[in-house]
Structure formats: structure tokens, C-alpha cells
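Readers should treat all values here as calculations from the given coordinates under stated rules, not as data from a laboratory. Note that the coordinates shown come from a computational prediction; the quantities given were computed from them, not determined experimentally. Neighbour counts run over all protein chains shown; Cβ positions are idealised from the backbone, glycine included.
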Amino acid sequence: MSDKLETVRKALTGISGVPVTPYRADGSIDVDKLDTLIKGMAAARVHNLMAAGNTGEFFTLTMDEIRLVHRVTIEAAAGKSLVSAAVGRSLADAKALARDAIAHGADAVMGHHPMDPFAGPAYQTRYFLELADFCTVPLIAYVRSDSFSVADFRQLALHPNVAGIKFASSNLMLLSEVVRSTHDAPAIWVCGLAEGWAPAFYALGARGFTSGLVNVFPERSHAIHRALEAGDYAAARSLIDGIAEFETLRTKYNNGANVTVVKEALGMLGTDVGPVRLPGVVALNESERTTLRTVVARLTAEMRAA
């Protein structure tokens, strides 16, 4: 397991791309388009693919659909990118999904934040710890709350099967405290808020970042990652400035347009992956679409000129 953990931790210091889930006209998953999308991201050397993550609309997928996304992603990546299978919902559901994903060759399991409205923070920690005990591949804990105590985070970071914590809170004071309190732990702290937050996270000791942008412009994500790894924060900020409108659009409607923007950008580049499922924002309005079209055209031109 130690070799597996080191492999996953190394991948986590890179880009954790979260692929969208394409749909056919009848609303079912378009396996062929998903296969093509994954092969493209693997060819672009995205370090880690989080199959059925939030950008993949995990919470709108059925259990069988999640299993399908896992299988297609594992097969299409073909070892060129590490694949972390996202699991969640009840602990029993998460274990069942993890068991099947591991059987199909997942390199790691990512536990979605337990979303029960009556969950206690310490017991959400226990959810992750039990999942880590269960899995025979490394676990990545996806924490989307700043309600965990430093002691809770320390428990996660010290678990022998937790490869890393995907920290998806903008509470940078908490991040600095938990990083400081876990210098003796091998777990990787990952920026779970995409490229825009990555410089601040890196400055506090995190490594790597999650990305929806890699569905569309993986070259830009790689350039940002290279700048951060080199400690060139000015270059990283300049590159992030160029995608600021893209990421701002994704935060609209209380982040309800997060996936919508990525899917519509793909459509503008010639790959129609279908709309977002409810309760996400199904489609952008014309003003938002005009802004996105301008950003996509500019980024495409920059990429061709590079």
C-alpha cells in the first residue's frame, strides 16, 4: 500500500481534473463522448482524473450511472492519468461504490463530503475514517466545510490510508492552522477551489489543485501549475487573470452555474455534451453566453499563438 499511497500523493500535487458527464438527447449518459473526453484529458497528461466528481454532477447521477462513469473513465484513461473514483451519499452507498470501482481498477477513491443536513462535524470525520479503513486503495477526503476542528483534520491527515485532503473552504486561516498542525503527517493538502485559489493555498503549504477548466483548456491549467511549482506567483496570477471571467461565471447562482459554464464552453468548441441536470442551472442566459463566448475565443487564440 505504501507504493500506492506515494503514487497517489504525487498525482495530488499536480492537477486533479474533474470531467463533466455528457448526456444524449434522451438524458442518458453518452458513453462515447465520455470516452473521448477522458482520452483527451489523459493525452493532455492531467495528473489525476476524479471520476464522478462534482463537475461530473455526482449528486444527480444514479448509483448505476456513477458505476458506469467510473468504468468508462478507468478504461479510457488507460493508465495515462491516475483515476480517483468519487463515492458518497450514505456510508453504505459510498462503500458499495468504492468496492466496485476498486474491482474495476480505480487507483484511488475520493470520498465526497457527507451532505446529511443533520451531520455533526466530528461524525463526518468518522465517515471519512471508516471509508479509509474499508478501502484497499488510498482515500482522498473531500472536505467542503470549515466546521471541522483542527483535531478532526489531524485525525484525517494521520490515517495511514488517507493520501490527501481536498480542502474546499475559503477559510485560509483554518487552512494555515491545519497545515501547521500536520507537519508530521504525510497526507497532501490540495486546493479544492480550482485555479483561482491555488496561489493562496500554495503559499500556505498546499500542493496541487482541482480543475474543471481542464475539460476545455488543459494547457492553461498546466501552465498555472508549472508557475506555482516554480514559485512564480506573478506568472501564476497573470495566467489566472486570463480565466477570471470564466471562473466568475461558474460562481453565479450560488455556484449553480459551475458545471453549466464548462459544458457550454465545450459546446462552443464543437463538443455538445448536453445540458446540466436539475437542480443545477440548466443553461446560461444570452448575456452570460456572450461573455463566455468572448472568453473561449480569446483563450483559443492565445493557445494557438503559444
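Can you spot a residue in segment 129-140 that is assigned to a loop (DSSP other than H, G, I, E, B), in contact with a strand residue (DSSP E or B) (Cβ under 7 Å, 6 or more places away or on another chain) and farther than 19 Å from Arg9 by Cα?
Scanning segment 129-140 turns up no residue that is assigned to a loop (DSSP other than H, G, I, E, B), in contact with a strand residue (DSSP E or B) (Cβ under 7 Å, 6 or more places away or on another chain) and farther than 19 Å from Arg9 by Cα.
Which one of these is touching a residue at least 60 places away in the same chain (Cβ under 8 Å) and surrounded by fewer than 17 Cβ atoms within 10 Å (Cβ to Cβ): Glu245, Glu302, Glu286?
Glu302
Determine if segment 167-183 includes at least one residue that is part of a strand (DSSP E or B) and in contact with a Gly (Cβ under 7 Å, 6 or more places away or on another chain).
To start, the set of residues in segment 167-183 that are part of a strand (DSSP E or B) comprises 167.
Add one more test, that the residue is in contact with a Gly (Cβ under 7 Å, 6 or more places away or on another chain), and what stays is 167.
Taking every residue of segment 167-183 in turn, at least one turns out to be part of a strand (DSSP E or B) and in contact with a Gly (Cβ under 7 Å, 6 or more places away or on another chain).
Tally time: how many residues in segment 262-283 are of a type in the set (A, V, I, L, M, F, W, C) and touching a residue at least 40 places away in the same chain (Cβ under 8 Å)? Spell out how you get there, then give the answer.
The initial filter retains those residues of segment 262-283 that are of a type in the set (A, V, I, L, M, F, W, C), namely 262, 265-266, 268-269, 273, 276, 278, 281-283.
In the following step, the residues that additionally are touching a residue at least 40 places away in the same chain (Cβ under 8 Å) were identified as 262, 265-266, 269, 273, 276, 278.
Of the residues in that region, 7 qualify.
Determine if segment 73-87 includes at least one residue that is in contact with a helix residue (DSSP H, G or I) (Cβ under 6 Å, 6 or more places away or on another chain), surrounded by 24 or more Cβ atoms within 10 Å (Cβ to Cβ) and farther than 21 Å from Gly14 by Cβ.
Yes.
Can you tell me which residue within segment 141-166, out of those that are β-branched (Val, Ile, Thr) and part of a strand (DSSP E or B), is surrounded by the most Cβ atoms within 10 Å (Cβ to Cβ)? Let's see the steps before the verdict.
We begin by selecting, within segment 141-166, every residue β-branched (Val, Ile, Thr); these are 143, 150, 162, 165.
Checking the rest, the ones that are also part of a strand (DSSP E or B) come to 143, 162, 165.
Numbers: Val143: 25, Val162: 25, Ile165: 28.
Across segment 141-166, the extreme among qualifying residues is Ile165.
Give me the residue from segment 24-51 that is buried (at least 21 other Cβ atoms within 10 Å of the Cβ) and touching a Gly at 6+ places or on another chain (Cβ under 8 Å) and, out of that set, nearest to Asp272 (Cα to Cα).
Here the residue is Met41.
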